[in-house]
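Peer 1: One structure is given below, represented as structure tokens, and several questions about it will come after.
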Amino acid sequence: MHSRNQDTTNNDTSSASVVRYGRIHWSLLALLALVAGTGLVGFDYWRTVPSTQQATFVGRQSCIECHRDQANAFSMSHHDLAMDLATNESVLGDFQDVTFEHHGLTNRLFRDGERFMVHTEGPDGKMQDFEVKYVFGVTPLQQYMVEFDRDANTPSDAIARLQVLRISWDTLNKKWFYLNPPDVTDKLAPDDDLHWTGIAQRWNTMCAECHSTNLQKNYDPQQTRYHTTFSEIDVSCEACHGPGSTHVELAQRKSLFWDRKIGYGLTQLKGENNDAQIQACAPCHSRRGNLAEGFTAGNAYCDFYQPSPLRAGLYHDDGQILDEVYVYGSFVQSKMYHKGIRCTDCHDPHSLQLKAKGNQVCTSCHQHPAGKYDTPSHHKHVPGTAGSACVDCHMPVTTYMELDGRRDHSLRIPRPDLSVSIGTPNACTGCHLNRDNVAAEKRAGLQEYADWYRVGQSGDEEVQAEIRRADQWCDDACEKWYGDQRRRESHFAESLHAFRKGVPGAADRLLALARDRANTSAIARATALDDLATTSDPKDLTARVKAGRESLNDPNPMVRAAAIEAVSGEIYAEDGGAKLLGQLAPLLDDPSRLVRSTAAKSIATTRVFRGLSSAQMKRFEAVLQEVRDGLDAISDRAGAHMEWALLSEARGNINEAIESYQTAMRVEPSMAGPRINLAGLLENLLQSQESVNTLSLEQVQATRKTIAELRSTELPLLRRDASLLPDNGNLQFRLGLAYFLNGDISQAVDSVQRALDLEPDNQEFSEALLLLKERQTTMKKSADLEL
């Protein structure tokens, strides 16, 4: 029994051991599986796209499967319809054999089978038939484009030179109209840059970058030909989100995670800071110059573009929009921008429509306490009438392109007091001008506030008087409404206006403005420095240089770049070259391309580069190569070659300078500037070579003939420009110098006198006029003696 019991006990123990072993076995397997799974998950998490991998453009079709709602919102938006082939579906204009007259020309718009045709004036001044290949935009106007220069060498997937017709379709009123250039109402000559066949109406140069995705201009300045390509014809997904191949790859791989380093593989536009999104939109919504090609969303804006400051002629003195400046420069002045507001807080990013109707766009944020702003107690107007909408007062509209109303995005409080004191516009006056107070024949040309302002600035005293009356009425009304509670903060406009009007001591006010980082937007500080950089007047030079020095470490690259231009005034001071070089050389390593390229150009043009160490010289040359690469991106403009010629000439690279001047003449034959500069360069070169007798008589004579031909060809171009812009003092001065170099001293005196009349405080004009008059007197005495 004991033995049986013992055996039984042994068996039970053995069975229990098996069970325990099994449990241990499965637990071990589970543990191993868990470890393996964790390892796989860990591996899945830690693997990442190689840092060397470059995302490429894949097109919207790769996006639609996963993003149908966004694609549906995007469909038929202004971005989606930014450009298209001319088809029965895309063309909105009436091409049913209709005629349209402008400036004495009878144009015909008709069909030739499937083709859309226009019979109009060509580049030779003759009426011809042209095929419309592409359409631009959808509302409130649509424009039409004609292709030139396509030949056997143009790839099938490329576009040659495209020109945008000025005959345009009003999509709201459904009629043809002629789109005049701003402030130009006369008929354009066929060789005018503003003619529809001129460079100002060239798609490749002026429009393409912002109307298509992944645009490659592909211009050959030697052949003066374009082979322009894009990945998508309009503004598609990747224009804003960046090239999408990496995102698609990540979305399609079997993984629990997105990439631990690059997330979704697209540009992050929704971070805590609003700058990423603002800078993604800015290239196409700003007035700017190009620094480099290849911008994609996520890049630093000032590594690829140089935004325009609030210059006179582009903006009013207080930063309100004047010329067509495209939103960015206005918005970065605003309190909204500085409080982190971004475009998509108001606009749906895909449909581009406002996110709410009417004042709800604003009161969705401005509702503390509820109803505080959207009531007569705030806006002082009857609800539902003009003036009761937030945008009427805080975002006044100006019409561009005849039909396209654009709102000022500086979101400012109207300041009638500034209108009274310095003449800047304000939204209140725009609504309270009385047309009955001006002659009836003028009223048709005074459709909106901008028209009144323009006519008043041209010298119409009657219009000026009505503006002053309305300004004062609005100022009095604000005084009555607000009394002691009225806000009258100092505004940068007062300092800019004073400097631009030549008020004594105004340079010191701009110095104070440039210093005021706490209360003054970066674009306004940059503008103060930009204005100061225009003066070489000894009385203003100290303020200019001091402002520049103190702003070289400003956190904003636009301000630092403007500071470089201001501090270059150091060159006028004793031992200024060494001081200037000490200021600028460290900026060759600035993280912003805008700043380091501006520093390199200033070092070159002031010729202080001779003081660079060997290491600094190497860096200087590397940054200048960046400058050259950027200029190559805009090589279809003569100005790019002119700039490189001047930089080459300053550094003593004479052959390179000559080649660049010649390229500038080839690229834009009708542009004034390259010939007279080249003539001056050749004359200096001739004098240096003659001094050492290295040229034969034939070579000297040939060079002098070339110089004379260059100057005589330049003269009519300058005459043309000076007649088109009679109020531009610099142009009148340049014309005077051209007359002098062509031996016409009397005309030279007259032109420089006109320049001085336009800018009485310009010391350069004054000194030149004095020298010319002395020369004129000497020549007259010599002539009298000969008689």
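Peer 1: Compute and list, largest first, the equivalent-ellipsoid semi-axes of segment 308-390 from the alpha carbon gyration tensor, each √(5λ) rounded to a whole angstrom.
Peer 2: Each semi-axis is the square root of five times an eigenvalue, giving 26, 18, 13 Å.
Peer 1: Hey, another quick one. Would you work out which of Q333, Q360, L322 lies farthest towards the positive end of the dipole of segment 320-366, given +1 charges on the beta-carbon of Lys and Arg and -1 on that of Asp and Glu, about the Cα centre?
Peer 2: Checked the options; the winner is Q360.
Peer 1: Quick check: residue separation of N434 and H78 times 0.36 nm, minus the Cα distance between them. What number comes out in nm? Please list the in-between numbers first.
Peer 2: Details: separation 356, 0.36 × 356 = 128.16 nm, distance 3.59 nm.
That works out to 124.6 nm of additional length.
Peer 1: Over the Cα atoms of segment 91-212, what radius of gyration and what Dmax do you get, in Å?
Peer 2: 14.0, 42
Peer 1: Separate question: Output ³J(HN,Hα) for segment 167-177: one whole-Hz value per residue in order, computed from phi by the Karplus curve 6.51 cos²θ - 1.76 cosθ + 1.60 with θ = phi - 60°, and x for Gly and Pro.
Peer 2: In residue order, the calculated couplings are 6, 10, 9, 7, 6, 7, 9, 6, 8, 7, 8 Hz.
Peer 1: How much net charge surrounds I467 when only the other residues with a Cβ under 14 Å from the Cβ of I467 are counted, with Lys and Arg +1 and Asp and Glu -1?
Peer 2: Net of charged neighbours comes to -3.
Peer 1: Could you give P(r) for the chain, binned at 20 Å from zero, as whole percent values over all Cα-Cα pairs?
Peer 2: 12, 41, 33, 8, 3, 2, 1, 0, 0
Peer 1: Once neighbouring chains are kept in place and the probe is 1.4 Å, which whole percent of the accessible area of the chain is contributed by carbon and sulfur?
Peer 2: 52 percent
Peer 1: When the C-alpha atoms of segment 500-610 are aligned to their principal axes, what extent does each axis show, in angstrom, from largest down?
Peer 2: For segment 500-610, the Cα spread along each principal axis is 38, 30, 17 Å.
Peer 1: With a/c under 1.5 counting as rounded, go ahead and sort segment 348-433 into rounded, prolate or oblate using the C-alpha gyration tensor (a ≥ b ≥ c being the square roots of the eigenvalues; past the cut-off, prolate if a/b is larger than b/c, else oblate).
Peer 2: Judged from the Cα gyration tensor, segment 348-433 comes out oblate (a/c at least 1.5, b/c at or above a/b).
Peer 1: Rg and Dmax of segment 617-686, using alpha carbons, in Å: what are they?
Peer 2: Both quantities, over Cα of segment 617-686: 12.1, 37 Å.
Peer 1: Determine how many Å³ per residue the convex hull of the Cα atoms of segment 403-447 encloses. Present the calculation step by step, with values, prior to reporting the outcome.
Peer 2: Working: hull volume 4.5 nm³, N = 45.
Dividing the Cα hull volume of segment 403-447 by its residue count gives 100 Å³.
Peer 1: Applying the Karplus parametrisation 6.51 cos²θ - 1.76 cosθ + 1.60 with θ = phi - 60° to the phi angles of segment 272-289, what ³J(HN,Hα) value in whole Hz is obtained for each residue in order, glycine and proline being reported as x?
Peer 2: My calculation for segment 272-289 gives 5, 8, 7, 5, 4, 6, 4, 6, 6, 7, 4, x, 9, 10, 8, 8, 7, x Hz in order.
Peer 1: Could you compute how fast segment 202-336 diffuses translationally, taking Rh as the Kirkwood radius over C-alpha pairs and applying Stokes-Einstein at 10 °C with viscosity 1.306 mPa s? Give it in µm² per second.
Peer 2: Approximately 94 µm²/s, per Stokes-Einstein.
Peer 1: Tell me the relative contact order for the chain as a rounded percent, counting alpha carbon contacts under 8 Å between residues six or more apart. Write out the running numbers ahead of the final one.
Peer 2: Numbers: 1128 pairs, mean separation 57.1, N = 787.
Relative contact order here is 7 percent.
Peer 1: For the chain, build the charge dipole from Cβ charges (+1 Lys, Arg; -1 Asp, Glu) around the Cα centre, then report which of S723, G125, L310 sits farthest towards its positive end.
Peer 2: L310
Peer 1: Could you sort 243-253, 768-778 so that the peptide with the highest average Cβ count within 10 Å comes first and the rest follow in order? Can you show the working numbers first?
Peer 2: Values: 243-253: 17.7, 768-778: 14.5.
Final packing ranking: 243-253, 768-778.
Peer 1: Follow-up. Determine the equivalent ellipsoid of segment 156-272 by diagonalising the alpha-carbon gyration tensor, then write out the semi-axes as square roots of 5 times the eigenvalues, largest first, rounded to whole Å.
Peer 2: Value: 40, 19, 12 Å, ordered largest first.
Peer 1: Sticking with this one: In terms of the Cα gyration tensor, with a ≥ b ≥ c the square roots of its eigenvalues, is segment 632-787 rounded because a/c is under 1.5, prolate because a/b exceeds b/c, or oblate?
Peer 2: Oblate is the answer for segment 632-787, as a/c is 1.5 or above yet b/c matches or exceeds a/b.
Peer 1: Arrange the peptides 633-639, 49-55 so that the one whose residues have, on average, the most other Cβ atoms within 10 Å appears first.
Peer 2: The packing order, highest mean first, is 633-639, 49-55.
Peer 1: Ok, one more. Provide, as a two-decimal number, the C-alpha radius of gyration of segment 720-787 over 2.2 N^0.38 Å, N being how many residues it has.
Peer 2: Numbers: Rg = 12.7 Å, N = 68, 2.2 N^0.38 = 10.9 Å.
Taking N as the residue count of segment 720-787, the ratio is 1.16.
Peer 1: Please state, to two decimals, what the Cα-based radius of gyration of segment 461-547 comes to when divided by 2.2 N^0.38 Å (N = residues).
Peer 2: 1.37
Peer 1: Gap in Å between the Cα centre of segment 586-624 and the Cα centre of segment 641-683?
Peer 2: That distance is 22 Å.
Peer 1: From the C-alpha coordinates alone, can you work out the Kirkwood hydrodynamic radius of segment 158-197, in Å?
Peer 2: About 11.8 Å for segment 158-197.
Peer 1: Taking a 32 Å limit on the Cα-Cα distance, which of the listed pairs K339/K372; K174/K380; K133/K174; K501/K601; K705/K773 fall beyond it? Let's see the in-between values first.
Peer 2: Working: K339/K372 20 Å; K174/K380 37 Å; K133/K174 21 Å; K501/K601 29 Å; K705/K773 27 Å.
Correct reply: K174/K380.
Peer 1: Amide H to amide H, which residues 5 or more places from R225 or on other chains are under 5 Å from it, using H placed in the peptide plane?
Peer 2: D220
The values are calculated or read from the model by the stated rules, or taken from the named source; none is laboratory data. Please read these numbers as outputs of a predicted model, since none were measured by experiment. FYI the Cβ positions are ideal-geometry reconstructions off the backbone, even for glycines, and counts take in every protein chain you see. The accessibility values were calculated without ligands, DNA or RNA, using every heavy atom of the protein model including side chains. Shrake-Rupley method; radii C 1.70, N 1.55, O 1.52, S 1.80 Å.
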